[in-house]
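A short write-up of the structure that comes next.
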Amino acid sequence: MPVVRYRVFRDLDWPMLLVALAICALGILQIYSATHGTPSRNAWMKQTVWLGGGLFLMWLLARVDYHNLLGQVPVLYGTTLGLLTLTLAAGNYIWGSKRWIPLFFGFRFQPAELGKLVIVLLVARYLSELRSDRLEWGDLLKLGVLVGIPAGLVLAEPDLGTTLTYVSILAIGIFFGGIRWQHVLIILLIAVVLLPCGWFLLKDYQKTRLLTFLDPMRDPTGSGYQVIQSKIAVGAGGMWGKGVARGSQTQLRFLPVAYTDFVISAFAEEHGFVGILVLFGLYFLLLMQIVQNAQRAPDRAGMLICMGVSSLLLFHLLVNAGMAVGRMPTTGIPLPLMSYGGSSMMSVFAMLGLVNNVRLRRFGT
């Protein structure tokens, strides 16, 4: 279903896009500050390039009718499984995990990020094709297996954080798909019973992270170092912050990976409580725009796509921010649109393209 050229520009969700660009601008500024005077000082330039690529990808996905994309879910799903399998077989080992496939000129691709987009489409297609507004056990089991297969491959990399993002998309999908409260209670009971068994499936470093989350001071110079330094950086920011490139924890390199996993900690140190309020306000506006598009979606599938995107972004935000202040275990979940990384940037803008796609279908052809 083609979209007239002028209407694509006119009817895009410009408030959502401008808010997203504002968050990206703060992220690039913070990446510049955190890498100033280091071997990674050009990281902010790469992030700018990825931002341009993300905008182009968003444009492409906004133009292709999302119903056509839903029709290609089997192909996309199979491709994702193939890429995840390839990652396990031939991916690069970085920080003890196989998550990236090497490309060219030093660039890498993380198939698990593509998986997020495919899971959103998969859940939306499956639930929109059901004839009933109430889910049965068979529906939950089938959808759980479909999401569980790629989630299991990601967990094997190992990447527990991204695995949980897949679960968050599934959870919001079955919530709006019509799960019964009896099902929720039984699933929670099963989860509580099986939770201790999950401990034995974790890697040693994942167990260490959980123990460190409970007591960071048990190893302050080892596994607890990141969380302790992050909390110091957040507290050091005070009300107004220390200014760009003036944060002591960030500039003296006490705060590890200050431009990726802990970018919000570096931002809090240099921009203070007021800066964090502004940042969270921008994220709130972004999420509300997505939810508004869900409310105005032309059909059930469009609503589920938008809510899947919003749940994923909210999960990333809560976990990353919670990690920075010691309220969540340390994971590799990036802060959307701010953390350094091309795969994450492209993935988020691809999902914003889907949201715009749903919005554009309200206006017909």
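The values are calculated or read from the model by the stated rules, or taken from the named source; none is laboratory data. What you see is a predicted model; the values in this text were computed from it and never measured. Here the Cβ is made from the backbone with ideal geometry for all residues, glycine too, and neighbour counts use every protein chain on show. The accessibility values were calculated without ligands, DNA or RNA, using every heavy atom of the protein model including side chains. Shrake-Rupley method; radii C 1.70, N 1.55, O 1.52, S 1.80 Å.
Residues checked against (1) open to solvent by 40 Å² or more (accessible area, probe 1.4 Å); (2) more than 28 Å from CYS306 (Cα to Cα); (3) out of contact with any Lys or Arg (no Cβ under 6 Å at 6 or more places or on another chain); (4) not aliphatic (A, V, I, L, M):
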| position | (1), (2), (3), (4) |
| --- | --- |
| GLY91 | no, yes, no, yes |
| SER97 | no, yes, yes, yes |
| LYS116 | no, no, yes, yes |
| VAL120 | no, no, yes, no |
| GLU129 | yes, no, yes, yes |
| SER132 | yes, no, yes, yes |
| VAL145 | yes, no, yes, no |
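Taking residues in region 284-299 that are over 19 Å from PHE349 (Cα atoms), and partners anywhere that are open to solvent by 60 Å² or more (accessible area, probe 1.4 Å) and not in a loop (DSSP other than H, G, I, E, B), the pairs with Cβ atoms closer than 7 Å and at least 6 places apart or on different chains are ARG296/ARG362; PRO298/ARG362.
Those residues that are hydroxyl-bearing (Ser, Thr, Tyr) and either at pLDDT 85 or above or in a helix (DSSP H, G or I) (or both), I need them from region 193-240; list them, please.
Within region 193-240, the subset hydroxyl-bearing (Ser, Thr, Tyr) is 205, 208, 212, 221, 223, 225, 230.
Within region 193-240, TYR205, THR208, THR212, TYR225, SER230 qualify.
In the set VAL291, VAL278, only one residue is open to solvent by less than 60 Å² (accessible area, probe 1.4 Å), within 30 Å of ASP13 (Cα to Cα) and either part of a helix (DSSP H, G or I) or out of contact with any Pro (no Cβ under 9 Å at 6 or more places or on another chain) (or both); that residue is VAL291.
Residues that are surrounded by fewer than 24 Cβ atoms within 10 Å (Cβ to Cβ) and in contact with a Leu (Cβ under 8 Å, 6 or more places away or on another chain) within region 233-248 comprise just one, VAL244. The number of residues in region 154-196 being open to solvent by less than 80 Å² (accessible area, probe 1.4 Å), within 22 Å of LEU135 (Cβ to Cβ) and of a type in the set (A, V, I, L, M, F, W, C) comes to 13.
Restricting attention to region 257-275 and to residues that are open to solvent by 30 Å² or more (accessible area, probe 1.4 Å) and part of a loop (DSSP other than H, G, I, E, B), the residue that is nearest to ARG327 (Cα to Cα) turns out to be ASP261.
Which of the numbered conditions does PHE109 fail, given that it passes all the others? Conditions: (1) in contact with a Ser or Thr (Cβ under 7 Å, 6 or more places away or on another chain); (2) closer than 21 Å to SER310 by Cβ. Of the numbered conditions (1) in contact with a Ser or Thr (Cβ under 7 Å, 6 or more places away or on another chain); (2) closer than 21 Å to SER310 by Cβ, the odd one out for PHE109 is (2). Filtering region 76-89 to residues that are surrounded by 10 or more Cβ atoms within 10 Å (Cβ to Cβ) and not polar (S, T, N, Q) leaves LEU76, TYR77, GLY78, LEU81, GLY82, LEU83, LEU84, LEU86, LEU88.
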